[in-house]
Amino acid sequence: MTSAAGGAPEPSLTAHHRMIFLVTALGAFMSSLDLSIVNVAFPALLRTFHHDTPASLAWVITGYSIIFGSLLVIAGRTADRVGSRKIFLIGLGIFCAGSALCALSPSVPVLISGRVIQGIGAAAILPASLGLLLGAYPKERRSQVVAMWGGIGALAVATGPSIGALLITGFGWRAAFYVNLPIGLVAWVLGRRVLGESTPNTQLAPPDYPGVVLLGLSLCALVLGITEGSTWGWSSARVLVAFGTFVVLGALFILRSRRHDEPVLDLTLFRERAFSVANLATFIYAMGFFAMLLGNILFLTGVWHYSILLAGLAVTPGPLVVAVVSGPAGRLAGRIGFRPILLTGFAIYACGILWYIERVGLEREYLTTWLPGTLIVGLGIGLTFPLLSASAVSQLRPERFAVGSSVNQTARQVGGSIGVAVLVVIVATPSSPEGALNSFHHLWAYIASMAVIAGTICAFLPARSARATPTPSEVDLDSARGIEEVLDGEVPVRE
């Protein structure tokens, strides 16, 4: 086989290469799976912990998202400094410990604690696994292997609802967490045998760990104020203190990010218009998108009274459409730019949500009402989320793609945690089927409005990047190269 670049034969891959891919892919699959599988488990958690409020249980999702999003950038930089193998194996151990605690949880506070621990482990696993993959494969193979690695994570998110539904139906909600233990154990045992350590760059300044604490606490205060606002009273002292804490700690976080050599949030990245616009759109979009993921499961199980298995299968066609559409959409964006495709995608997504409002009622009509809406929404997602990530880094220099991509993931997770908090407020506890349907119509209207706002923001993207516009797969490769250069000490992380 010859390479496309110059006709030279591509290096052959050994069994050792394939084992390294397997180990890193297992880590990516496991941590990505927990982004979607818990949504399916949520109705079962509501039944098990029926004495706890939905607002309390929402922290099972938001706690993971806040910690994962807050730590992602810092975890990658820590792997750069001390070695990707070490961080990857530690992350696997932490994630599995959190999974075991979740599975054994006798109460909601213990379950939330386990999810927080999982978020710490996942934040360590993902950037370290990519760094290990790049260090093991020859340059000629990296584009292919990074695309495959990203596909494994996408597969986990797409199959999470159906896998979770099967496990929960057969073994209860605790199986959604137990499933991580054999996967993590296999990855850890094989990883100790086959993974080589990357070259640590001890000359890098220590990451801003206190900044992570400020960011995490400020976001927790914001989510607490939103989720408990309707219960405590929006003008109550506790809610006002929560929002005030968010403002004060958030301001301290921004000030610290401006002054630290290795901040959690590199504010200089926002000088690029495409980066600022795409990340703001990602944040707003995620506020509706994550609310939709959980809200649709709650509607199917609570209003249509689907079993968890049927609900998981009912929402699966949407992610499958995303998997089919995202690749061609990325290639098209490489030719005509991001803006027209994103605007089209947001319009389609909003139309799919409006379909739910107009057509979905109390009668269970899956084929004629729910399925068409799911397919339309899936098409819209395939034209938006992957391209938002790519457009966010399209005007950054290659050595900054890795950090820029991590910031975009953080915006997605933080927006998602706020979106789930808003869902709790909108859906609440209806007193009748008609009231429940009305609440979900309000939820879908909120989700559609977030898509419209995000689309409006994307109208301010440059028509074409000043640099060559990369497709999502090319961004993955260039991000990977940026990580590799940092690991090898060839370029500084900051300008």
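The table that follows gives values for the structure above.
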read-out	value
Per-region count, the range 210-232, residues out of contact with any Gly (no Cβ under 6 Å at 6 or more places or on another chain), crowded, with 21+ Cβ neighbours inside 10 Å and among the hydroxyl-bearing types (Ser, Thr, Tyr)	1
The range 355-401: number of residues that are closer than 25 Å to HIS442 by Cα, in a helix (DSSP H, G or I) and either not hydrophobic (A, V, I, L, M, F, W, C) or not assigned by TED's automatic domain parsing to the domain that holds ARG412 (or both)	12
Unmet criterion (only one of (1) in a helix (DSSP H, G or I); (2) out of contact with any Gly (no Cβ under 8 Å at 6 or more places or on another chain); (3) under 23 Å from PHE88 (Cβ atoms); (4) touching a residue at least 60 places away in the same chain (Cβ under 8 Å)) for GLU140	(3)
Residue list for the range 49-59, restricted to those being in a helix (DSSP H, G or I) and surrounded by fewer than 24 Cβ atoms within 10 Å (Cβ to Cβ)	PRO54, ALA55, SER56, LEU57
Flag for GLY153 being buried (at least 17 other Cβ atoms within 10 Å of the Cβ) and over 18 Å from the mean Cα position of the chain (by Cα)	no
Lone qualifier among ILE66, ILE87, ILE94 - being in a helix (DSSP H, G or I), out of contact with any strand residue (DSSP E or B) (no Cβ under 6 Å at 6 or more places or on another chain), modelled with pLDDT of 95 or more and among the β-branched types (Val, Ile, Thr)	ILE94
Unique residue being among the aliphatic types (A, V, I, L, M), surrounded by fewer than 24 Cβ atoms within 10 Å (Cβ to Cβ), touching a residue at least 24 places away in the same chain (Cβ under 8 Å) and in contact with a helix residue (DSSP H, G or I) (Cβ under 8 Å, 6 or more places away or on another chain) when the list is LEU362, LEU387	LEU362
Single match in LEU46, LEU72, LEU26 (criterion: among the hydrophobic types (A, V, I, L, M, F, W, C), part of a helix (DSSP H, G or I), more than 20 Å from the chain's Cα centre (by Cα) and modelled with pLDDT of 85 or more)	LEU46
Residue in the range 102-121 that is under 20 Å from ALA25 (Cβ atoms), among the aliphatic types (A, V, I, L, M), touching a residue at least 24 places away in the same chain (Cβ under 8 Å) and touching a helix residue (DSSP H, G or I) at 6+ places or on another chain (Cβ under 7 Å) present	no
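The values are calculated or read from the model by the stated rules, or taken from the named source; none is laboratory data. Just so we're clear, the structure is a prediction, and the values are computed from it rather than from any experiment. Neighbour counts run over all protein chains shown; Cβ positions are idealised from the backbone, glycine included.
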